[in-house]
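The values are calculated or read from the model by the stated rules, or taken from the named source; none is laboratory data. A quick note: this is a predicted structure, and the numbers were derived from the prediction, not measured. All Cβ positions, even for glycine, are placed from backbone atoms using ideal geometry, and neighbour counts span all protein chains on display. Each accessible area value is taken on the protein alone, full model and side chains, heavy atoms only, with ligands, DNA and RNA left out. Shrake-Rupley method; radii C 1.70, N 1.55, O 1.52, S 1.80 Å.
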Amino acid sequence: MLLTITTTHQPATDLGYLLHKNPARLQSVDIAYGQAHVFYPEATAERCTAALLLDIDPIALVRNHRGPTGEGFALEQYVNDRPYAASSFLSTALAKAFNTAMNGTCKDRPELPDVSLPLEATVAALPATSTEQLRRLFAPLGYEIEVEEHPLDPTVPQWGASRYHTLRLRHSALRLRDLLSHLYVLIPVLDRGDKHYWISQDEAEKLLRRGAEWLPQHPDREFITRRYLRFAEFVNPTLKRLLALDAEASDDASEPLAELTAISDATGAAAAETAAKQNLHDLRLDRVAEEIKGIGATRVLDLGCGEGKLVRRLLKNPKIEHILAMDVSWRELERAQQRLHVAEMPPRQRERLTLTQGSLLYHDPRLAGYDAAAVVEVIEHLDESRLAAFEEVVFARARPGTVFVTTPNADYNQRYESLAAGDFRHHDHRFEWTRAQFTAWAEGVAERHGYRVRVEPLGPAEAEVGAPSQLAVFEVG
Ligand code: SAH
């Protein structure tokens, strides 16, 4: 199976830096049951194409993979499309060959991964039930789509179409890592093959993570989730529970790692930890609501509002005339709408609240003119490389009078028994900062934008590790 990626970005050979693969050389990596080769059929300043060719060894496949019932030999095991169709193998190969690009890093040209490029990708032998299915999956992600349906047998036209397609995707301005993540998740979703070759739990978790930025907004997110769960479920039943909670970072309230512990057969200690974390989140929200009351704010932003736990508290504050609660996740907003019973609110109350979808990484004029903004347990969900955009949006453009930002304190993590060293509290956290790191960031932001800042522990503090969470209060002027 063959995947090609082309750009006409100038100079097009930047693609080589981005993919971390030199256009002048053929490079090969070992993958389970075969090899993936990367080479460039064209590499000029005007146009550059990288190809990923998969070479699966069908015999090794059969030898190493017995069917679910343990049967050792069946013709079907030898005669199948695995070596030829784009499937989960292609995802595995993508992750292995283009790992740095998928993670959005580029050592030589650190600014490149954030640049949106004109991109074109072609995937050959992609199984799908119909052309329509391919459109439904890729069109919402902004692609222009061209599909070629391959006949079952070109010499016997009456047999009609096979389920294999050549898919050509075009996007005028997309980050390369987004293209790779889309392919990584959607190729195995399309694959109807009932044999799964996901290699490890780790693999399944990576899959979940690759979808975090776009899957929750995808109209077919449920289908996608269900389809790739066929694999994940096989590897890790817990993941199914997590995904059922939300395809994306949803409920920080229980710090879903604690959720994980609880699911995998709660011991007394783990259950206690879960409860403690729930209380911690209440404590954070109460504290921020109190602070907002303390400054007498009348117009308040809740940025990354999630399911509206803070909004519920803010609505009880009669001094507040208007709350704009924003989140990037439609799912969370729907949940907020339900939990806050927005539909049943008396009109007066309803007018006090605007629930809206938006991203903190893009300038949004609706955010201007507020006294206070709460950003509770949100920044750690943003890629660290995008924090500069967040800073610009909130502190340079929206400029609320006071900004409250909370985030976990990584120094405290060693107190959580269920957390291995270096782990994060939530699968969608992109980073967790120590007190020193958060303070340094907060002071930098304050200085760059004319705010004063104080950073405080949040939750019961302990001598060495501090409190579980931390709060920065920025005041303008
Ligand atoms: N503030 C809420 C939810 C915290 S969970 C609470 O304390 O209960 C983090 C939230 O940030 C999620 O709801 C997630 O959808 C949202 N989020 C993540 N990235 C975002 C972005 N770029 N713009 C806006 N919200 C974002």
Assuming R0 = 25 Å, what is the FRET efficiency of Arg312 and Arg366, from their Cβ-Cβ distance, to the nearest 0.05? 0.70
At 0.36 nm per residue, and after removing the present C-alpha to C-alpha distance, how many nm does the segment from Ala461 to Thr129 gain when stretched out fully? 113.9 nm
Counting only heavy atoms of the protein chains, get the accessible area per residue of region 257-476 (1.4 Å probe) and round it to a whole Å² value. 44
Sequence of Glu456, Glu377, Glu132 from largest to smallest accessible area, 1.4 Å probe: Glu132, Glu456, Glu377
Ranked from the most accessible area to the least, with a 1.4 Å probe and all protein chains present, what is the order of Lys21, Lys107, Lys206, Lys316? Lys107, Lys316, Lys206, Lys21
Do you know the relative contact order of region 257-476, to the nearest whole percent, from alpha carbon pairs under 8 angstrom that are 6+ apart? 19
Determine the relative contact order of region 128-183: mean sequence separation of Cα pairs under 8 Å and six or more apart, normalised by residue count, in whole percent. 32
One would report the antiparallel percent of DSSP beta bridges in region 257-476, rounded to the nearest 5, as 45
Tell me, how many Å apart are the Cα centres for region 389-459 and for region 34-56? 41
Order Tyr416, Tyr164, most accessible first, counting only protein heavy atoms with a 1.4 angstrom probe. Tyr164, Tyr416
Share, in percent, of DSSP beta bridges within region 347-477 that are antiparallel, nearest 5: 75
